[in-house]
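Computed from the coordinates by the stated procedures, all read-outs in this text should not be read as laboratory data. Nothing here was measured: the structure is a model prediction, and the numbers come from that model. Virtual Cβ from ideal backbone geometry, glycine too; neighbours counted across all protein chains shown.
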Amino acid sequence: MNKFKAFVLPYLKFFLLIFLMLSAFVYAMFQGGFVSWFLFYSFLPFGLYSLGLFLYPINDFLIERAINRSECRAGDSLEVTLKIRRRFAFPLFFLVIEENLPKQLEKSGVHVKKELIFPWFKKEFVVSYRIERLVRGEHEFNEVTIKVGDLLGLIEKGARFSVKERVLVYPSYYDLSYKQIGTQFNQGQTASTVRIQREVSTLSGVREYQPGDRFSWINWKATARKNEIMTKEFEEKKSQDVFMLLDTISDPSFEPLISLAASAALATVKRGIPIGFFMPLLMEHPLPIQGGDGQLQKIFHLLARAEQQNDVSIIDILNRETQVIPYNATLMIVTSQLTEDTIQALARRKHSRSISIIALRDDERGLSNRELQVQQQAAMCGILVRYLSDQAYTDGNKEVSGQ
């Protein structure tokens, strides 16, 4: 019904305009005199302009959007410039340009951008506006709406133009110092997720042969005794590698949690420590452990697109991803909801893995009794828990500890 009304209404107004012009002319013809003809000729320019505007091709416009940068950081500002051109210099009394902002920006409180200009005979004009305090996310600008009208308010025309542009807003981050806790890797080498030519130390037993084992590791006595290939098992040396696991469970502190994860990743890479990354839903496979600024950029890109979800917990992720999370890398969990059940579940899966938990808390004051209890329980299980507030950037440098 609304589409039918929007289609028919302009034509009804057009015929109303024709009727008014004919009525003024007929009145002047039959009435005669100065007043009647004065009214007709006074109305005639407005009527002819309205008729011309009705016939004017509104799709004649060509719109280009220019954004000063395609990647920025949460809290930054963005400069947007719309360049508008048209072929026919039909006089336009006014023109309304409306930028249809991405939904995520509208939800964050950014108002729809509208500009009123008076182009008259101009063929080219420029409109600029500024968006302050950008929110994290991948924002896609799609459409620009243009509206024109006559002086009588009878003829109004509008059109939407597809002008696609994408802006990626990375999460905000702050300086954190990184202190590596636990056994250091002796020669400064890093671990590989592929079990080929690994570092070995003390013989701990025998096991069945697995692809990637060296030929020299075969225990021939055990092989003859069990009638299947058995290899020597060694105690693996631990590396400095870190694998970050982000808990994206729905929480009011989700945005500060994303900033904390970005800050921890930055601190890790600055220390020269290779890091991997995983969060549910968005990623089909974890981001393999690597080092350098390129890896940090990949993590920031994923964090920019992170969304809250309710159906996947940390334990679900561990159950599903045990095959691909490196066994001898420090597992760093970033969460805002740390419970005793989570600690117990992690302790059952810990084995010889090093686990560090960075827990976000809202209160800047001392730890509560519950938080102290969780921290002590984790320490008894060999798990390090570090609580940080969501206002960490106001307190100077904080420490992110790994075990």
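Structural remarks
- Counting every other Cβ atom within 10 Å of each residue's Cβ, F243, F278, F88 order from fewest to most as F88, F278, F243.
- Over segment 58-170, the hull volume per residue, using the convex hull of the C-alpha atoms, is 93 Å³.
- 20 Å Cα-Cα threshold exceeded, pairs from K113/K147; K13/K123; K103/K164; K122/K147: K13/K123
- Sorting the segments 329-340, 369-380, 246-257 by their mean number of nearby beta carbons within 10 angstrom, highest to lowest, gives 329-340, 246-257, 369-380.
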